1. Of all residues in the range 49-59, how many are assigned to a helix (DSSP H, G or I) and not small (G, A, S)?
2. Of all residues in the range 60-82, which are modelled with pLDDT of 95 or more and part of a loop (DSSP other than H, G, I, E, B)?
3. Would you mind finding the one in Y48, Y37, Y52 that is more than 13 Å from V4 (Cβ to Cβ), among the aromatic types (F, W, Y) and in contact with a strand residue (DSSP E or B) (Cβ under 7 Å, 6 or more places away or on another chain)?
4. Step by step: first the residues of the range 32-62, then only those that are within 18 Å of Y14 (Cβ to Cβ) and of a type in the set (D, E, K, R), then the one that is surrounded by the most Cβ atoms within 10 Å (Cβ to Cβ). Which residue is that?
5. Output the residues belonging to the range 15-34 that are in a loop (DSSP other than H, G, I, E, B) and farther than 18 Å from H2 by Cβ.
Amino acid sequence: MHFVYIVKCCDETYYTGYTNNIEKRLKAHNEGKGAKYTRARLPVTLVYQEEYEDKREALKREYAIKQLTRKGKEILIKTKDK
């Protein structure tokens, strides 16, 4: 499986990423071993994720989410369970 995810940082900003192991990636983020962006904004909390069988599709979706405004990401996060 491949995952696209959004984490909320301690400064209330969002970080969007891709991984093939969501638990390992979140642990790395919170240990300061993840993305440079999140290292200074710990801890991070998983607020959204999508699963894909195809890596290419997951990376396309990651790019699309990164193009969203903050408001767009918040709408996506709020509607994930609906």
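1. 4
2. Result: Q67, L68, T69.
3. Only one candidate passes the filter, namely Y37.
4. Per the criteria, the residue is E62.
5. E31, G32, K33
The values are calculated or read from the model by the stated rules, or taken from the named source; none is laboratory data. The structure displayed is predicted, hence computed values, not measured ones. Methodologically, a virtual Cβ is constructed for each residue, glycine included, from the backbone with ideal geometry; neighbour enumeration extends over all protein chains shown.
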